[in-house]
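Asker: Take this structure, written in structure tokens, and hold onto it; I'll ask about it next.
The values are calculated or read from the model by the stated rules, or taken from the named source; none is laboratory data. Remember, it's a predicted structure, so these values are computed and weren't measured experimentally. Note that we place each Cβ from the backbone using ideal geometry, even for glycine, and neighbour counts take in every protein chain shown.
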Amino acid sequence: MANWQDPRTTTGVNPAAATVGVPRAARDAGLRSYMLSVYNYMASGVLLTGIIALLFANSSLMNLVVNTATGQPTLLYWVALFAPLGIVFGLSFGINRISATTAQGLFWLYAALLGVALSTLFLIYTGVSIAQTFFAVAAAFAGLSLWGYTTKKDLSGWGSFLIMGVVGIFVALLINLFLRSPALDLAISAIGVLVFAGLTAYDTQKIKSVYFAVAGNGEALAKTAVIGALNLYIDFLNMFLFLLRFMGDRR
């Protein structure tokens, strides 16, 4: 999950202040346009990742990712796996120093690199189980994000709890690399799905709050739309990966 400031929990900041004196209809239209741009970025990123993963998985390009003679990942795989982490940190902490166009380019690069890395999923799981999991997560994501957008409940209190959950999950994953416990792996996968489901609703409401904090600033709106899409992309991707671990049919 990309690290970015939540206006709901920032002392002294009133997210609605930027819209004082602006007609309600204009505010609503602006918010809808902003959220649409966020979802368009996010959906396009997922689509790009999927296209590249399928392209590599169904062609000789897979030889660039996995050494067919030894079955071991190549240098390209490790670059595609870890370079996106650098992009996330770069966007999260350097967003104020780059242009909106650069931020968009980094987002597309992030999605493309993950497509290369995730192409290896087709060597582990059947295509049918990958497709079933994808559509199940897409439906769940749509419902959770819609709820996060429409609910009147303040979800800002979920932030610390969910972030602690993410840290705990990845610590458990590291521990299980040594224990290799199927039961622990199953539990981690189930908890991972729940944590990123919660983050989907939480991040959607946060994106909505960010809009009111930066409304009227075109450059800030463009940049935060990219960051918002990145957060939702990460939530979607992790929900998908954990659910695939939980219910995917292995080859």
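Asker: Restricting attention to region 140-162, does a residue exist that is β-branched (Val, Ile, Thr), assigned to a helix (DSSP H, G or I) and surrounded by 12 or more Cβ atoms within 10 Å (Cβ to Cβ)? Can you show your working first?
Answerer: So the first thing to find is which residues in region 140-162 are β-branched (Val, Ile, Thr), and the list is 150-151.
Still in the list and also assigned to a helix (DSSP H, G or I): 150.
Filter once more, keeping what is surrounded by 12 or more Cβ atoms within 10 Å (Cβ to Cβ): none.
Scanning region 140-162, I find no residue that is β-branched (Val, Ile, Thr), assigned to a helix (DSSP H, G or I) and surrounded by 12 or more Cβ atoms within 10 Å (Cβ to Cβ), so the answer is no.
Asker: Please list, ordered by first then second residue, the pairs with beta carbon atoms under 6 Å, 6 or more apart or interchain, first in region 207-225 and on the phi < 0 side of the Ramachandran plot and in contact (Cβ under 8 Å) with a residue 60 or more places away in the chain, second assigned to a loop (DSSP other than H, G, I, E, B) and not acidic (Asp, Glu).
Answerer: SER209/PRO15; PHE212/PRO15; PHE212/ALA16; ALA213/PRO15
Asker: Look through LEU199, LEU244 and report the one residue that is in a helix (DSSP H, G or I), touching a strand residue (DSSP E or B) at 6+ places or on another chain (Cβ under 8 Å), on the phi < 0 side of the Ramachandran plot and crowded, with 20+ Cβ neighbours inside 10 Å.
Answerer: Numbers: LEU199 fails: touching a strand residue (DSSP E or B) at 6+ places or on another chain (Cβ under 8 Å).
Residue meeting the stated conditions: LEU244.
Asker: In region 176-183, is there at least one residue being in a helix (DSSP H, G or I) and buried (at least 16 other Cβ atoms within 10 Å of the Cβ)? Please lay out each step first, then the result.
Answerer: Applying the first criterion (in a helix (DSSP H, G or I)) to region 176-183 yields 176-179, 182-183.
From the residues that got through so far, the ones that are buried (at least 16 other Cβ atoms within 10 Å of the Cβ) too are 176.
The answer is yes; a qualifying residue exists.
Asker: Check whether at least one residue in region 15-31 is modelled with pLDDT of 90 or more, under 27 Å from ALA138 (Cβ atoms) and surrounded by fewer than 16 Cβ atoms within 10 Å (Cβ to Cβ), and report yes or no.
Answerer: Among the residues of region 15-31, not one is modelled with pLDDT of 90 or more, under 27 Å from ALA138 (Cβ atoms) and surrounded by fewer than 16 Cβ atoms within 10 Å (Cβ to Cβ), which makes the answer no.
Asker: Let me ask another. If you check ILE175 against the conditions, is it of a type in the set (Val, Ile, Thr) and farther than 25 Å from THR204 by Cβ?
Answerer: On the way: of a type in the set (Val, Ile, Thr): yes; farther than 25 Å from THR204 by Cβ: yes.
Spelling it out, ILE175 is indeed of a type in the set (Val, Ile, Thr) and farther than 25 Å from THR204 by Cβ.
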